[in-house]
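Scroll down for the structure; my scribbles are underneath it.
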Amino acid sequence: MRTLSLLKGMPVYLSNGELFGEVCDIGISAEGKVTCLLCKKDRFFGKNCRIAISHVQSFGQHGIVLHQDTQIEKYKDRDNEYTLYHSNPIMKKLALSTSGDQLGLLEDVYFSEELGKIIGYELTDGFFTDMLEGKKVIQVNGPPKIGKDAIIVSVKQLRGGLSNDEMSKLPK
């Protein structure tokens, strides 16, 4: 299980060992699946590239390795794809439960590398609440409904103030 905050800045290598670039964002479908990695090839002036999640051979602790036949395309906005920071961003969007309860603002996503499926969201209620109580992590039952102003999620379980280690022990 990974989060974007753990992937951001991670080096991406081609199958021949050549450094391609580093992860700067992820693409998310309306069905709540991670569709791609957005990579920056050059730190300062490089264009973002889109690498389909199916082209990732492995997610390591210190880098990502791509399959030999990986097709890399220039990143373009897609109507049916969201990102955390770039086009159609969902970062800091209000998260609501299907029953209409306000859960917090989206801070990060937890996803399974093997399935590319989002299994949880990290939410914030603001700096001071985070300092006192910690951030909230919710496990979800199904895909989110991503709207212009909010994300509506079917909450499976809500836990407050979990560390990444504690989150990794949650059932999948």
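The values are calculated or read from the model by the stated rules, or taken from the named source; none is laboratory data. Since the structure is predicted, the reported quantities are computational estimates derived from the model, not experimental observations. So basically every Cβ, Gly included, is an ideal-geometry build from the backbone, and we count neighbours across all protein chains shown. Remember, those area values only see protein heavy atoms, side chains included, never the ligands or the DNA or RNA. Shrake-Rupley method; radii C 1.70, N 1.55, O 1.52, S 1.80 Å.
Using the structure shown, decide if SER87 is among the small types (Gly, Ala, Ser), at pLDDT below 90, closer than 17 Å to ILE151 by Cα and assigned to a loop (DSSP other than H, G, I, E, B).
Yes.
Which one is surrounded by the fewest Cβ atoms within 10 Å (Cβ to Cβ), of the residues in the range 89-117 that are at positive phi and under 16 Å from the mean Cα position of the chain (by Cα)?
LYS92
Listed here are the residues, each with its yes/no results for (1) closer than 21 Å to ILE118 by Cβ; (2) modelled with pLDDT of 90 or more; (3) part of a strand (DSSP E or B).
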residue	(1), (2), (3)
ASP25	yes, yes, yes
ILE28	yes, yes, yes
LEU37	yes, yes, yes
ILE51	yes, yes, yes
SER58	yes, yes, yes
HIS62	no, yes, no
VAL65	no, yes, yes
LYS76	no, no, no
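Only one of these is loosely packed, with under 12 Cβ neighbours inside 10 Å and under 30 Å from VAL153 (Cβ atoms): LYS47, LYS33, LYS76. Name it.
From the options LYS47, LYS33, LYS76, the qualifying one is LYS76.
Considering only residues that are more than 19 Å from THR124 (Cβ to Cβ) and assigned to a loop (DSSP other than H, G, I, E, B), look in the range 136-146 and name the one that is most open to solvent (accessible area, probe 1.4 Å).
ASN141
Of the residues GLU73, GLU113, GLU81, which is touching a residue at least 12 places away in the same chain (Cβ under 8 Å) and under 15 Å from LYS145 (Cα atoms)?
GLU81
How many of the residues making up the range 2-22 are crowded, with 17+ Cβ neighbours inside 10 Å and more than 18 Å from LYS76 (Cβ to Cβ)?
Looking only at that region, the number is 9.
Suppose we filter the range 90-135 for residues that are more than 27 Å from LEU38 (Cα to Cα) and not in a strand (DSSP E or B); how many remain?
Of the residues in that region, 14 qualify.
State all residues of the range 53-70 that are free of Cβ contacts under 8 Å to residues at least 40 places away in the same chain and over 18 Å from MET1 (Cα atoms); if no residue qualifies, say none.
ASP69 - this is the single residue of the range 53-70 that is free of Cβ contacts under 8 Å to residues at least 40 places away in the same chain and over 18 Å from MET1 (Cα atoms).
What residue, among those in the range 10-53 that are of a type in the set (Lys, Arg) and in contact with a Cys (Cβ under 7 Å, 6 or more places away or on another chain), is nearest to GLY147 (Cα to Cα)?
Among residues in the range 10-53 that are of a type in the set (Lys, Arg) and in contact with a Cys (Cβ under 7 Å, 6 or more places away or on another chain), the one nearest to GLY147 (Cα to Cα) is ARG50.
Among the residues of the range 118-133, write down those that are crowded, with 16+ Cβ neighbours inside 10 Å and modelled with pLDDT of 80 or more.
Answer for the range 118-133, where residues must be crowded, with 16+ Cβ neighbours inside 10 Å and modelled with pLDDT of 80 or more: ILE118, ILE119, GLY120, TYR121, GLU122, LEU123, THR124, ASP125.
Report every pair of residues separated by at least 6 positions or lying on different chains whose Cβ atoms are under 6 Å apart, first residue within the range 2-17 and modelled with pLDDT of 90 or more, second open to solvent by 30 Å² or more (accessible area, probe 1.4 Å) and in a strand (DSSP E or B).
That search, which allows pairs on different chains as well, returns GLY9/GLU22; PRO11/LEU19; PRO11/GLU22; TYR13/LEU19; TYR13/VAL65.
Being within 16 Å of GLY116 (Cβ to Cβ) and assigned to a loop (DSSP other than H, G, I, E, B), is that true of even one residue in the range 1-20?
yes
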